[in-house]
Structure formats: structure tokens, C-alpha cells
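Undergrad: Have a look at this one.
Just so it is clear, none of the values below were taken in a lab; they were calculated from the coordinates. Remember, it's a predicted structure, so these values are computed and weren't measured experimentally. Please note: Cβ atoms are built from the backbone with ideal geometry, for glycine as well, and neighbour counts cover all protein chains shown.
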Amino acid sequence: MVWPVTTERDRSGRLVIGGVPVTALVEEYGTPLYIYDEATLRERADAYRRAFARHYPRARVVYAGKAYMATWLLPLLESAGLWLDVVSGGELYLAHRGGFPAERIVFHGNNKTPDELALALQLGIGEVVVDNHHELDLLERMVPADGPGLDVLLRVNPGIDAHTHAYRKTGIVDSKFGLLIESGDAARAVERIVGIPGLRLRGYHAHIGSQIVELEPFAATVDALFRFAAAMRDRFGVVPDQISPGGGFGIPYESGDPEAAIDAYAEAVARSALAAAERWGFAPPVLTVEPGRSIVGPAGVAVYRVGTIKDIPGVRRYVCVDGGMADNIRPALYGARYTAALANRTGEGEALVTIAGKYCESGDVLIKDIALPTLEPGDLIALPAAGAYCLAMASNYNLALRPAVVAVAGGEARLVQRRERYEDLLAREALLATPPRSD
């Protein structure tokens, strides 16, 4: 299912999400507009909690904030019992200002700066996932030997090639992320951590990529982590109390995509962890998973207004909308595919069109070749599965204004992020000239 669970059409044919007609939301908040369905968010978060409680009681679900994070979302995640994964000082600061418990925050990233690590230590976050030896150099200087200490996981690179776009692969040998197991680099990091008094090595982490719908790569990652853990136990006496195969579980984006079942994912990862723990002689440790896209992605819908319609006889019909790659760069970046629907009416007829954005790039195309009812300027087009990695990667390209965001639930809507204003574009201009006099 690619649409939020509350999606329906009313008697007049208008698309309704969370009990609120999309046309009413657009009338109040304009376009482009991102709509998040709270019922879908709660259902997805709860599905993870229930699935892992059923298959692996010592599991920990950590929401990957990189997919999309905002202060309005944090209380929902916290109430669902989730932890939070951040990858920058900005995400950490937002989490802090949003009131998320610091002890349930995990800090990732392949090049954490001294300032970012200092903020993490100041706030007392739960864990830091160490990615490289340079980071160990920093932490060795920053974490006092006689202080409360810092819990760390070591991110290793298992050399597993997941079936996803090349830009979304993070566990292959040729990757900027993690310490390679096969080269001995990861083992050297374990030896170093054991010798740093302020650090406590809790276990091992890997992340092989994103938008992965096959289950076998996750099971293989779990097995590789336990195999490495056994070798480190035998060499250094380190017994992990946490193993994390990371995140990356995918979602359907088009109606023909296979459904990615959370329970099946949880069962596969849990079964692999239990079997590997027994095989290598460990008591089952805490199993940490980091879903982001698969929680927030299906909850979001992007809405655009149709403007120019350009027919090239025998070639293509372009339907241009008032958003595009500045709010959703995924199609231009790695060929992501979406479906769409006419939101303000049911429409008649059918035509093959390409939904193009308004930005000055030929690659600014949201959907190539999709069959939709006959469209007119002023119509509203809705793209589902837009909750993850759209707003998170949004920009001001062409000095575009980033869109408003509304959350809907039970027939009510609340503005959670306002649309940017032109004056926001000037907020960082240090040498702004005095405006010209009008006289």
C-alpha cells in the first residue's frame, strides 16, 4: 500500500487524508504542500515495536532521523517507545530542543566534527557509533578517563552488496562508511577501544544500504556481525551486549511494487540473530534496528498544483507543477519512481504524461510516463510515499521556498512547519546592501 491508511475519496471525488480534504488543506496552506497522516505514523511505529517484541524480546527500535525529523514528530516517536538516530550536530540540536530524551539518542556519521562530539558529550546522549580511527583519536582526547564514560558501538563494514541503487549502498568494500572487517581495520579499532579508559564498547553495528526489500542481505549482515564478535571475543575478551544490523528496509513506491512486511523483516532478522548467537556461543544480546523510511515514508503525501502543460506531438506531454527537485530530489538523484493521483476531482479520460518540476534543470522530473486523467492548469496532483528523504533533502535551489508541512488526524489539521518566506532567504546574508530609496 503506497497511500496513508486513512486515504479515501469523498462523494465529490476529492482526495481525503486523515479525514481532511486535500483541497481544503491547499486552500489554507498553498502548494507545494506536504501532508503527514498521524494514524499511519503511529501504526508503522507500533508495528515495529510489536513485531520485534514478538520475535526478539531484547530488541531496540531506533528511528533514523535522517529520513525526516521535526520537533512535531519527536513526541510521537518517544511515546511509541522508540530511540532516535541522529547523524549531525543539527539533528542532535533539533532533538534536544524538541525534548527527546538524550539517553535514547544514538549518534552516527562518518565524519563527526569535534564540535558535534562535544555537543553529544555535553547533552549526555546514549551512544556514539564510532565510524573510523580519526573519530577514536578525537574521543580519546575528549572523554575523560575518570568521568562517567561513553557507550560506543563500532561500525564495521561487512563487505555485503545489497540490491539497491549504487548511491544507497553503504556496506560494500568501496564505501566511505565503517571499518572494513576483511582488512583487519575493524579489529584494530576494537583493540584501541579496549585500551581507552573512557570508552565502553557495547557491540557492533553495520548498515548495508537503503531501500532494500529483500530479507537475505539483512540476515547475512547479522551473521557477519556475530562472526566478527566471536573473533573479537577470542582475541580481546570482548563480549557484546548489543548487535545492530542498522536499517534500510524499503517500502513500495508504486502500486505494482511488492509489499514490504514489517513482521516478515522482524522475523528474518530475529531468527538470524538467535541462530548466530547460538552458533557462536553468545547469550542473545540486544538487537538494534534503525527504520526510518519504512516508518515515515508511507505517512507523507506531496501535493502540487498544475501549471504549464506542454505537448510535443509524437514525443511527450509535459505537465509542469509548482514544485520539483528542490523539495524532492530523489528522482533526479537516483531515478526514484513514484505514482500519483489527481487530488481535487476524479477526472475523466486518461493520458500518458510526464510530471515535471519548475526548476531550471532538464532532469527536474518527478514522474516520467504515468497514465493520469486529463489534466488542466490549476488541478492538484498528489504523490504518495513522500514522507522520507524528500523534505530531509530539500533545498533552496533557484531560491525556491521550502513548502509548508501539515499533520492530519481525526478530521483535523495542524500546521507543523510553515512555508518559507522570501525574507527567510536573506536571513544569512551578512553583507546585505541597504535597500534602494524609493524617492
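Undergrad: Residues with beta-carbon under 9 Å from that of GLY292, excluding GLY292: net charge, scoring Lys, Arg +1 and Asp, Glu -1?
TA: Result for the neighbourhood of GLY292: 0.
Undergrad: Note the full-extension length gain between ALA231 and MET1 as 0.36 nm times their separation in residues minus their Cα-Cα distance, in nm to one decimal.
TA: The ALA231-MET1 span can extend by a further 78.6 nm.
Undergrad: Here's a follow-up. Using only the alpha-carbon atoms, how far is helix 114-123 inclined from the longest principal axis of the chain? Give it as 0 to 90 degrees, nearest 10.
TA: So the inclination is approximately 80 degrees.
Undergrad: Which order, highest average first, do 105-117, 371-383 follow once you tally other Cβ atoms within 10 Å for each residue and take the mean per peptide?
TA: 105-117, 371-383
Undergrad: Let me ask you something else. Once you place label points 7 Å from the Cα toward the Cβ at LYS368 and VAL194, how far apart are they in nm?
TA: It is 5.3 nm.
Undergrad: Report the semi-axes of the equivalent ellipsoid for the chain in whole Å, largest first, where each axis is √(5λ) for an eigenvalue λ of the Cα gyration tensor.
TA: Square roots of five times the eigenvalues give 41, 25, 20 Å.
Undergrad: With a Förster radius of 41 Å, plug the Cβ-Cβ distance of ASP241 and SER175 into 1/(1 + (r/R0)^6) and report the FRET value to the nearest 0.05.
TA: Here the calculated transfer efficiency is 0.95.
Undergrad: Moving on to the next point. Between ALA430 and ARG345, 0.36 nm times their residue separation minus their Cα-Cα distance comes to what?
TA: That pair, ALA430 and ARG345, stretches by 25.9 nm at full extension.
Undergrad: Please give the helix 38-55 orientation as an angle from the longest Cα principal axis of the chain, in degrees from 0 to 90, rounded to the nearest 10.
TA: Once rounded, the angle reads 30 degrees.
Undergrad: Here is a follow-up. Taking θ = phi - 60°, what integer Hz values does the Karplus form 6.51 cos²θ - 1.76 cosθ + 1.60 yield along the range 259-267, in sequence order, with x for Gly and Pro?
TA: In residue order, the calculated couplings are 5, 9, 7, 5, 5, 5, 4, 4, 4 Hz.
Undergrad: Now a separate question. In debye, nearest 20: dipole of the chain around its Cα centre with unit charges on the Cβ of K, R (+) and D, E (-)?
TA: Computed charge dipole of the chain: roughly 200 debye.
Undergrad: Here is a follow-up. Calculate how steeply helix 133-142 sits against the longest principal axis of the alpha-carbon atoms of the chain, using the helix alpha-carbon long axis, and give the answer as 0 to 90 degrees to the nearest 10.
TA: Between helix and principal axis, roughly 70 degrees.
Undergrad: Of all trypsin sites (Lys or Arg not before Pro) in the range 367-439, which ones are in loop regions per DSSP and have a Cβ with at most 16 other Cβ atoms within 10 Å?
TA: Sparse-neighbourhood loop trypsin sites (Lys or Arg not before Pro): ARG418, ARG419, ARG421, ARG428, ARG437.
Undergrad: The range 1-132: D in µm²/s via Stokes-Einstein (Kirkwood Rh, Cα pairs, 4 °C, 1.567 mPa s)?
TA: Translational D for this selection: 77 µm²/s.
Undergrad: Can you give the local net charge around GLU78? Use residues other than it whose beta-carbon is closer than 13 angstrom to its beta-carbon, Lys and Arg +1, Asp and Glu -1.
TA: +2
Undergrad: Would you mind ranking LEU432, LEU121 by Cβ crowding within 10 Å, fewest neighbours first?
TA: Starting with the residue having the fewest Cβ neighbours, the order is LEU432, LEU121.
Undergrad: Turning to a different aspect of this structure: For the chain, what does the relative contact order come out to in percent, with C-alpha contacts under 8 Å and a separation of six or more?
TA: That works out to 20 percent.
Undergrad: Name the trypsin sites (Lys or Arg not before Pro) in the range 1-61 that are in a loop by DSSP and that have at most 12 other C-beta atoms within 10 Å, would you?
TA: ARG11
Undergrad: Under 27 Å from the Cα of LYS358, which lysines turn up, not counting those fewer than eight places away in the same chain?
TA: Answer for LYS358, where 27 Å is the Cα cut-off: LYS66, LYS310, LYS368, listed by chain and number.
Undergrad: Show me the GluC sites (Glu not before Pro) within the range 266-364 that DSSP assigns to loop and that have at most 11 other Cβ atoms within 10 Å of their Cβ.
TA: Answer by residue number: GLU348, GLU350.
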